[in-house]
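Trainee: If you scroll down you'll find the structure; I have some questions about it.
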Amino acid sequence: MTALIEVRDASVRYLSTGQAALGATSLTVNPGDLTLVSGPSGCGKSTLLRLVNGLIPHAYRAEVTGEVLVGGRPVTGRTIRDISTVVGTMLQDPRKQIVGTTVAAEIAFGPENLGLPREEIRRRTAEVADRVGITHLLDRATAGLSGGELQMVAFAGVLVMRPKVVVVDEPLANLDPAASLRLMREVRRFVDDGGAAVVVEHRVEEILEFEPAEVLYLEEGTTRYQGPVEGFLQVAPVGHVKLPFATLVARAAELPAVTAPARRVAAGDVPRLEYRDVSLGYGKRTVLAGTDLALGPSERVAVLGPNGAGKSTLLRAAVLLIAASRGEVLVDGSPVADRSIASLATTFGYVFQNPGQALFSATVGQELAFGPRNLGWSPGEIAEESEKVLRAVLLDGEKDIMDRPPRTLSYGQQRRLTVALALAMRPRTLILDEPTAGQDLHTTTAFIGHALAAETVESVYFITHDVDLALTYADRVVVVDEGRVVADASPAELARAEGVWSRAGLQATSLVRAVREHLPDASSIPHPFDLARGLSHHPRSNPSPQEGTTPS
């Protein structure tokens, strides 16, 4: 049997940075294999995928050693079009591969380039749209889709080409739990039908249900583990990748200590952000209707909900990225429409879901200086604040970071840079749209902790699809579904509200199930590491490391 992908001692050094990104890595993928690739942010996972889909050297100039074979033939000298008949790729940032103006046009784009008959293209488009659950989006403009909706469209565009192997980079990053489950089920079905898949993901727990045959774990471009899941769960760095809660309990002695971020208390009882019977939308399409919500000046609020439910739209109204078609949006008690852009910029540090929307300067240093300079800061103040915020988001250790073009950073690093840009304005409230997509657990824990403890930050409102992140760092969770706020509760209350989970398309993680079982009456949820340590001493708390990984 010929391997679909064979990487033999391959190493990569990017010419744009001169830095080695991957060293002496080997990987074999046969028909019927689902391979999980994991590791810290910037460890070389995306570089490995670029080797097998032809983006290196066609889109990224790099020095490559070793050998890479796709479909039994070396990739050297082959075109991306030729390689794409074997390997279909869903990129970490779906916006980089969307070219169609509508969803139907996007899915049809690949088959059209293959010269397939029109009826065959229509049949394939309808078939894959139904498989991934986006038939209702076919007539929608791609420019108006949420990040998660774009990700499902990109995946449909991969499947419609009928490749022999799919490589999927961070599939859970922008998807709500129900969509994640749907996508991974399709990946598993593709594999079971004779294909193969390589999945890059930090959130290991959510992938285990789909039975990967092998795990490749990388650190700093080096293979640290390669083998079956069972062995990986015994040696995986517990503070770096998201593992099942039962694994944390079994390995509680190895868990790092955690410190709750300090909290700043804002004076007064006036909400920082308030919605009074607000409706929001785009053109004739209403996204949110009849919204009444008040977010306090000292709260940490997580916003959960399905893709396209209106989560980003809700918080865009805080900074006038969208205006209410009905009702009133208030900031610190005053209509947002009466506030100046400069005033809003120092009240809210807004971080977009897509880092490309915020990065436009030639260097990281220029990016960091842009906002403060417009506020009249001195060069000395800008330099001091730039150093502080880079440290807060764990980018201070990157070589020559201030002189690096932002686009040469990894996707996860770009996301952290946009948080630094927001912090550099010294806002009182951070608004973060999917801040931890592309981040490993260690990076998430560290930089979220730094952001929450920033000197000027009084409150944080963050949109996420990571349920455990919401339960761990928020003191209040708002759930948006079908254009309305359907739940507003503490993390402990929400974890136990099973009806909300089934209605809003959420999936209970092993942490949620542990809270329901062990903390039935608790008013708050401890950090998962602290909860695991406590349960490790309980006689009932010795499940196998993989127990309880199937979502309920």
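The values are calculated or read from the model by the stated rules, or taken from the named source; none is laboratory data. Being a predicted model, the structure only gives us computed values, none of them experimental. Neighbour counts are summed over all protein chains in view; Cβ atoms, including those assigned to glycine, are modelled from backbone coordinates with ideal geometry.
Trainee: Pull up the stretch 308-359, narrow it to residues that are of a type in the set (Ser, Thr, Tyr) and more than 27 Å from Glu149 (Cα to Cα), then point me to the one that is surrounded by the fewest Cβ atoms within 10 Å (Cβ to Cβ).
Mentor: The extreme case among them is Ser340.
Listed here are the residues, each with its yes/no results for (1) of a type in the set (Gly, Ala, Ser); (2) in contact with a strand residue (DSSP E or B) (Cβ under 6 Å, 6 or more places away or on another chain); (3) farther than 20 Å from Thr436 by Cβ.
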{"residue": "Gly239", "(1), (2), (3)": "yes, no, no"}
{"residue": "Asp277", "(1), (2), (3)": "no, yes, yes"}
{"residue": "Thr291", "(1), (2), (3)": "no, yes, yes"}
{"residue": "Arg300", "(1), (2), (3)": "no, yes, no"}
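Trainee: Moving on to the next point. Tell me, which residue of the stretch 497-519 that is small (Gly, Ala, Ser) and either modelled with pLDDT of 90 or more or touching an Asp or Glu at 6+ places or on another chain (Cβ under 9 Å) (or both) is nearest to Asn174 (Cα to Cα)?
Mentor: Here the residue is Gly505.
Trainee: Of the residues Val249, Val241, which is under 22 Å from Ala508 (Cα atoms), over 23 Å from the mean Cα position of the chain (by Cα) and not assigned by TED's automatic domain parsing to the domain that holds Pro435?
Mentor: Answer to the selection: Val249.
Trainee: Still on this structure: Testing Ser46 on (1) polar (S, T, N, Q); (2) modelled with pLDDT of 90 or more; (3) within 17 Å of Leu216 (Cα to Cα), one condition comes back false. Which one is that?
Mentor: For Ser46, the exception is condition (2).
Trainee: Another question, then. Assuming Ala522 fulfils every condition listed in (1) modelled with pLDDT of 90 or more; (2) surrounded by fewer than 18 Cβ atoms within 10 Å (Cβ to Cβ); (3) of a type in the set (A, V, I, L, M) apart from one, which condition is it?
Mentor: (1)
Trainee: Which one is nearest to the chain's Cα centre (by Cα), of the residues in the stretch 77-95 that are in a helix (DSSP H, G or I) and over 17 Å from Val153 (Cβ atoms)?
Mentor: Ranking the qualifying residues of the stretch 77-95, first place goes to Ser84.
Trainee: Can I ask one more? Pick from Leu51, Leu15: which is at pLDDT 90 or above and not assigned by TED's automatic domain parsing to the domain that holds Leu409?
Mentor: Sole residue among the options that is at pLDDT 90 or above and not assigned by TED's automatic domain parsing to the domain that holds Leu409: Leu51.
Trainee: Looking at the stretch 189-203, which of its residues are crowded, with 17+ Cβ neighbours inside 10 Å and within 23 Å of Leu4 (Cβ to Cβ)?
Mentor: Residues satisfying the conditions are Phe190, Val191, Gly195, Ala196, Ala197, Val198, Val199, Val200, Glu201.
Trainee: As an exercise: evaluate Arg316 against (1) farther than 26 Å from Pro40 by Cα; (2) in a helix (DSSP H, G or I); (3) in contact (Cβ under 8 Å) with a residue 40 or more places away in the chain; (4) not hydroxyl-bearing (Ser, Thr, Tyr) and give the number of the one condition it does not meet.
Mentor: With (1) farther than 26 Å from Pro40 by Cα; (2) in a helix (DSSP H, G or I); (3) in contact (Cβ under 8 Å) with a residue 40 or more places away in the chain; (4) not hydroxyl-bearing (Ser, Thr, Tyr) applied to Arg316, the lone miss is (3).
Trainee: Among (1) touching a residue at least 60 places away in the same chain (Cβ under 8 Å); (2) within 21 Å of Gln414 (Cβ to Cβ); (3) hydroxyl-bearing (Ser, Thr, Tyr), there is one condition Thr436 misses while meeting the rest; what is its number?
Mentor: Single failed check for Thr436: (1).
Trainee: If we only count helices (runs of 4 or more DSSP H) wholly inside the stretch 341-443, which ones have 2 or more residues that are within 21 Å of the chain's Cα centre (by Cα) and outside the structural domain of Ser298 (by TED's automatic domain parsing)?
Mentor: Fully inside the stretch 341-443 and qualifying: nothing.
Trainee: Regarding Ala10, is this residue free of Cβ contacts under 8 Å to residues at least 60 places away in the same chain, in contact with a Ser or Thr (Cβ under 7 Å, 6 or more places away or on another chain) and either under 24 Å from Ala236 (Cβ atoms) or crowded, with 18+ Cβ neighbours inside 10 Å (or both)?
Mentor: Yes.
Trainee: Being in contact (Cβ under 8 Å) with a residue 40 or more places away in the chain and surrounded by 20 or more Cβ atoms within 10 Å (Cβ to Cβ) narrows it down to one residue among Gly42, Gly23; which is it?
Mentor: Within the list Gly42, Gly23, the selection yields Gly42.
Trainee: Of all residues in the stretch 226-261, count the ones that are surrounded by fewer than 18 Cβ atoms within 10 Å (Cβ to Cβ) and within 17 Å of Leu34 (Cα to Cα).
Mentor: 5
Trainee: Which of the residues that make up the stretch 96-125 are under 30 Å from Thr436 (Cα atoms), of a type in the set (Ser, Thr, Tyr) and outside any strand (DSSP E or B)?
Mentor: Within the stretch 96-125, just Thr101 meets the criteria.
Trainee: Go through (1) surrounded by 15 or more Cβ atoms within 10 Å (Cβ to Cβ); (2) in the same structural domain as Glu201 (by TED's automatic domain parsing) for Thr28 and report which single condition fails.
Mentor: With respect to (1) surrounded by 15 or more Cβ atoms within 10 Å (Cβ to Cβ); (2) in the same structural domain as Glu201 (by TED's automatic domain parsing), Thr28 is out only on (1).
Trainee: Pairs only if they're at least six apart or on different chains, beta carbon under 6 angstrom, first in the stretch 403-426 and at positive phi, second of a type in the set (Ser, Thr, Tyr) and not in a helix (DSSP H, G or I); list them, first residue then second.
Mentor: Correct list of pairs: Arg426/Thr456.
Trainee: Sort through Val479, Val500 and tell me the only one that's touching a residue at least 24 places away in the same chain (Cβ under 8 Å), crowded, with 17+ Cβ neighbours inside 10 Å and not assigned by TED's automatic domain parsing to the domain that holds Leu208.
Mentor: Being touching a residue at least 24 places away in the same chain (Cβ under 8 Å), crowded, with 17+ Cβ neighbours inside 10 Å and not assigned by TED's automatic domain parsing to the domain that holds Leu208 holds for just one of Val479, Val500, which is Val479.
Trainee: Could you count how many residues in the stretch 136-182 are surrounded by fewer than 22 Cβ atoms within 10 Å (Cβ to Cβ) and within 24 Å of Leu48 (Cα to Cα)?
Mentor: So the count comes out to 3.
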